[in-house]
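Peer 1: Okay, here's the structure, questions in a sec.
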Amino acid sequence: MAEVIVITGTSKGIGRYLAEYYINEGYRVVGCSRSPLHESIDGYDHHCLDVANEAEVLEMVDAVFKKYGKIDILINNAGIASMNHLLLTPLKTVEKIFLTNVFGTFLFIREVAKVMSKKKYGRIVNFATVATPLKLEGEATYAASKAAVVSYTRILAKELAVFNITVNAVGPTPVKTDLIKGVSNEKINALLKMQAVRRFGAFKDITNVIDFFIKPQSDFITGQVIYLGGIC
Amino acid sequence: MEEQFLEIINQAIHELNEDLEYDHLRNVTIETEIFGGENSIDSISLASLITEIEFLIREKCALNVVLADEKAMSMKNSPYRNVGALLNLITEKL
């Protein structure tokens, strides 16, 4: 049976690309987003949910387990960003960002790891961001939420190693998606100048890292965060 | 329902003990110690046991439950300290 891969945030951007990419690679892909999917795609199941809603996440993971009996790979892609100065940031924005980026990641790891632990096999890939190591002004909340994801990655790698589950993260540079559509060209160019390789990231740069993390031979690779573009 | 939950706990402990082979887990009663006392299982075994109980409740009772608890690792008040406490936790959560 094909490997089963759960990807969060598949309605657009990187998530949608990842879903299409892994369907084409022969995986059975299960995705989710807040919005319903209005089309039927071979090799793909969609769940409409909020990643920070515990009951909805439980229901989805249970449905995947009942249908396929396993989950081999989890990609925690769902994420939201916000650019603002600290003094102008409403608490509500902080709550929203942490709910999706941190609580959503936590819930999916916890529930999917339960399924993976039964098979004693699993690959989990989280999404970090270069905004954290670059300490970008105006992205404090987003960077802080992703710093939490990095901590989860490194610590849960240890907690889940006994179940033969690896936990790693990829930290993309700016990719031309909705996530950065509100950011000025000036800021984006300044950010690109901080990279060793000064270009926009491409979707294939991200799948290149994920492919490395999820392959069976990578069972000795865990707790790692790979930032793209030469950021360290 | 409580009897069914007790059966589920028994089954999960029995399955876990196939690997552990602990004497005190062979005949499970309401007083059987699970975690935190002298006859404690380790935290990884506890995580596996609780996960299995959640799966069995889902499978046999068609109920989604999360048995995570902030006092899990407490040596004195863990809701997983013995079978009776665990049974209480399940009935409280459901």
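The values are calculated or read from the model by the stated rules, or taken from the named source; none is laboratory data. From a predicted model like this one, the values you see are computed outputs, not experimental measurements. Neighbour counts are summed over all protein chains in view; Cβ atoms, including those assigned to glycine, are modelled from backbone coordinates with ideal geometry.
Peer 1: Of all residues in region B:58-67, count the ones that are within 11 Å of chain A (Cβ to nearest Cβ) and either farther than 21 Å from B:Gly36 by Cβ or loosely packed, with under 14 Cβ neighbours inside 10 Å (or both).
Peer 2: Final tally of qualifying residues: 6.
Peer 1: Another question, then. Residues that are more than 27 Å from A:Ala144 (Cα to Cα) and among the aliphatic types (A, V, I, L, M): does region A:78-98 have at least one?
Peer 2: No, region A:78-98 has no match at all.
Peer 1: Please give the number of the condition A:Arg110 fails out of (1) within 21 Å of A:Val61 (Cβ to Cβ); (2) without any contact (Cβ under 8 Å) to a residue 60 or more places away in the chain; (3) surrounded by 22 or more Cβ atoms within 10 Å (Cβ to Cβ).
Peer 2: (3)
Peer 1: Would region A:154-163 turn up any residue that is among the β-branched types (Val, Ile, Thr) and modelled with pLDDT of 95 or more?
Peer 2: Yes: region A:154-163 contains one or more residues that are among the β-branched types (Val, Ile, Thr) and modelled with pLDDT of 95 or more.
Peer 1: May I ask you to verify whether B:Glu52 is part of a helix (DSSP H, G or I), charged (D, E, K, R) and farther than 24 Å from A:Val162 by Cα?
Peer 2: Taking the combined requirement at face value, the residue does not satisfy it.
Residues checked against (1) assigned to a helix (DSSP H, G or I); (2) within 30 Å of A:Lys70 (Cβ to Cβ):
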| site | (1), (2) |
| --- | --- |
| B:Leu6 | yes, yes |
| B:Ile9 | yes, yes |
| B:Val28 | no, yes |
| B:Lys60 | yes, yes |
| B:Ala72 | no, yes |
| B:Ala85 | yes, no |
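Peer 1: When the residues of region B:30-49 are filtered to those that are within 14 Å of chain A (Cβ to nearest Cβ) and part of a loop (DSSP other than H, G, I, E, B), which remaining residue is nearest to the chain's Cα centre (by Cα)?
Peer 2: Among those that are within 14 Å of chain A (Cβ to nearest Cβ) and part of a loop (DSSP other than H, G, I, E, B), it is B:Ile41.
Peer 1: So, in region A:184-225, exactly how many residues are within 17 Å of the chain's Cα centre (by Cα) and under 22 Å from A:Arg16 (Cβ atoms)?
Peer 2: Adding up the residues that qualify gives 14.
Peer 1: From A:Ile7, A:Ile14, A:Ile71, which residue is at pLDDT below 95 and either among the β-branched types (Val, Ile, Thr) or in a strand (DSSP E or B) (or both)?
Peer 2: Result of the check over A:Ile7, A:Ile14, A:Ile71: A:Ile14.
Peer 1: Quick one: count up the residues across region A:115-144 that are surrounded by fewer than 22 Cβ atoms within 10 Å (Cβ to Cβ) and within 14 Å of chain B (Cβ to nearest Cβ).
Peer 2: Final tally of qualifying residues: 4.
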